[in-house]
Amino acid sequence: MENNKINIGFIGLGPQCTWALLPSFIKKDRVRVVAGCDLYDIKRERFRRKVTDYYQGKGEKKVKVDLYEDYQDLLARPDIDAVIIATPDHWHALIAIAALKAGKDVYLEKPMTLTIYEGQMLCKAVRKYNRILQVGSMQRSWDEFIHATSLVREGALGKIDRIKVYVGR
């Protein structure tokens, strides 16, 4: 941590990063966005523009945000304290474990993993490398979801014997 700021890099610069995660993290006083990684140059440039515009809007003249195509290059940077991972779901476990091994704390978008085994390996990596892992689950904090789960737990809806779930778009 340099200058009492947490230097973070983003891995996966699609809509979830651009419209939800970046605007939330960049506004934190103790956070400094220093890097972004994505395979697509359009997403990398959009990310650079958003980060640069934000910091220049706060009066900074010289803004440096590094961009990468390969997440391993971003993880190799010793000045990055934490990463935000918002890649397609099948990459979550692999990249998160690599980030933990590289000494980074991790904010990981849901789903945490695709399989139970991946989840077990990720938990082992958190313990082995003594890092912090947080998984995004914002809906669990919304009032309407808390209310709905309370109704189920309190039996207000009667005995529930089947739940149908749809995941994805």
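When the Cα centres of region 73-141 and region 1-38 are compared, how far apart do they sit, in Å? Region 73-141 and region 1-38 have Cα centres separated by 15 Å.
Charged side chains reduced to their Cβ positions (Lys and Arg at +1, Asp and Glu at -1) give the chain a dipole of some 240 debye around its Cα centre. Under the simplified labelling scheme, the residue 123-residue 148 pair shows an inter-label distance of 2.6 nm, with each label point 7 Å from Cα along Cα→Cβ.
Excluding residues fewer than 8 places away in the same chain, name every one of the aspartates and glutamates whose C-alpha is closer than 15 Å to that of residue 62. Filter leaves 53. For residue 92, the solvent-accessible surface with a 1.4 Å probe is about 0 Å², rounded to the nearest 10. Look at the Cα gyration tensor of region 20-63: its axes a ≥ b ≥ c give a/c of at least 1.5 with a/b at or below b/c, and that counts as oblate. With all protein chains present, how much of the accessible area of the chain (probe radius 1.4 Å) comes from carbon and sulfur, to the nearest whole percent? That fraction is 54 percent. Quick check on the chain: helices-only [θ] at 222 nm, where DSSP H runs of length 4 and up contribute -39,500 (n - 2.57) each and the sum goes over total residues. Nearest 500, please. Rounded to the nearest 500, it is -11000 deg cm²/dmol.
Each distinct pair of alpha carbons in the chain adds a 1/r term; the inverse of their mean, the Kirkwood radius, is 17.5 Å. Against the chain, whose longest principal axis is taken from its Cα atoms, helix 143-153 shows a tilt of about 30°. Surface exposure of region 1-97, expressed per residue as accessible area with a 1.4 Å probe, stands at 56 Å².
The values are calculated or read from the model by the stated rules, or taken from the named source; none is laboratory data. As the structure is a computational prediction, the values presented were derived from the model and not from experiment. Ideal geometry is used to build each Cβ from the backbone, glycine not excepted, and the neighbour counts take in all protein chains shown. We work out accessible area using only protein heavy atoms, side chains counted, and drop any ligands, DNA or RNA first. Shrake-Rupley method; radii C 1.70, N 1.55, O 1.52, S 1.80 Å.
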